[in-house]
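Just so it is clear, none of the values below were taken in a lab; they were calculated from the coordinates. Fair warning: this is a prediction, and the values are worked out from it, not measured in the lab. Positions of Cβ are generated from backbone atoms using ideal geometry, with glycine treated the same way; all protein chains shown enter the neighbour counts.
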Amino acid sequence: MKRLDAVATVGEYKDKKTGETKKRYSKCGSVFIDDEGNISFKIDVLPVHSWDGWINGKEPFDGEKPSRQSSAPTRKGGNGFDDMANDVPF
């Protein structure tokens, strides 16, 4: 049985280094192809923003993932509870 990643194109972005416009992908689940050629889909999520309705089967990505290009702030260590008192008042 062969397994592929089910991916959808969900937008585009401009590469900061090259200025080239690239596509942004989202993994949606998996595609399975058995020895008889039957195809089965396991969909985990469906993108809703900037999605054209197509999901493609791609070979699983084994290389290093590109750096995340998000404007969201990132946490700087700790577990989020570092500034709380050690005793619980109940």
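Here the Karplus relation 6.51 cos²θ - 1.76 cosθ + 1.60, evaluated at θ = phi - 60°, turns the backbone of the range 51-59 into coupling constants of 10, 8, x, 9, 10, 10, x, 10, 4 Hz, with x for every Gly and Pro.
Could you order the peptides 7-13, 35-41 from most to least packed, using the average number of other C-beta atoms within 10 Å per residue? It would help to have the intermediate numbers written out before the result.
Values: 7-13: 15.1, 35-41: 8.9.
Averaged packing, sorted descending, gives the order 7-13, 35-41.
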